[in-house]
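*Asks:* Following this message is one structure expressed as structure tokens.
Derivation of every value follows stated rules applied to the coordinates shown; laboratory data play no part. For clarity, every value in this text was computed on a predicted model and none was experimentally measured. Using ideal geometry, Cβ is built from the backbone for each residue, glycine included, and neighbour counts are taken over all protein chains shown.
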Amino acid sequence: MTDGYDCYQNALAERINGILKGEFLINKCNTGKELQQLITESINTYNNVRPHLSLNYKTPNFIHNKNALKLASRH
């Protein structure tokens with residue numbers, strides 16, 4: 001879900017949905033609870049386990065936390 005009327009946010013949301021559908025949601029779930037669990041695990045994997053080429057084979061949370069530490073050390 002995006003906030004505001006920024007068309008670029010919609011593109012990002014669509015990209016994330018495409019990644020979830022194409023890479024993680026390859027099995028059919030029998031219940032909504034199974035689907036929710038699969039989505040939760042997929043998001044965790046995407047952010048914490050799966051290396052990203054565009055991030056020099058680092059995970060998004062690694063980069064985010066590294067940048068947060070840099071900002072905190074400046075103050």
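*Asks:* Please work out the Cα convex hull volume for the chain and give it in Å³ per residue.
*Replies:* Normalising the Cα hull of the chain by residue number yields 139 Å³.
*Asks:* Given a Förster distance of 30 angstrom, what is the FRET efficiency for R74 paired with C7, based on the Cβ-Cβ distance and rounded to 0.05?
*Replies:* Details: r = 33 Å, r/R0 = 1.09.
That pair, R74 with C7, gives E of 0.40.
*Asks:* Now a separate question. Once fully extended, how much extra length lies between K33 and T45, figured as 0.36 nm per residue of separation less the alpha-carbon to alpha-carbon distance?
*Replies:* On the way: separation 12, 0.36 × 12 = 4.32 nm, distance 1.83 nm.
Contour length minus the Cα-Cα distance gives 2.5 nm.
*Asks:* Give a residue-ordered list of calculated ³J(HN,Hα) values for region 5-15 (Karplus: 6.51 cos²θ - 1.76 cosθ + 1.60, θ = phi - 60°; whole Hz; x for Gly, Pro).
*Replies:* Karplus-based 3J(HN,Hα) across region 5-15 equals 10, 7, 5, 5, 5, 5, 4, 5, 4, 5, 5 Hz.
*Asks:* Using the Cα centre as the reference, give the magnitude of the dipole from point charges on the C-beta atoms of the chain (Lys, Arg: +1; Asp, Glu: -1; all else neutral), rounded to the nearest 20 debye.
*Replies:* Result for the chain is approximately 340 debye, rounded to the nearest 20.
*Asks:* List the relative contact order of the chain as a percent without decimals, with contacts defined as Cα pairs under 8 Å and 6+ residues apart.
*Replies:* Relative CO of the chain lands at 15 percent.
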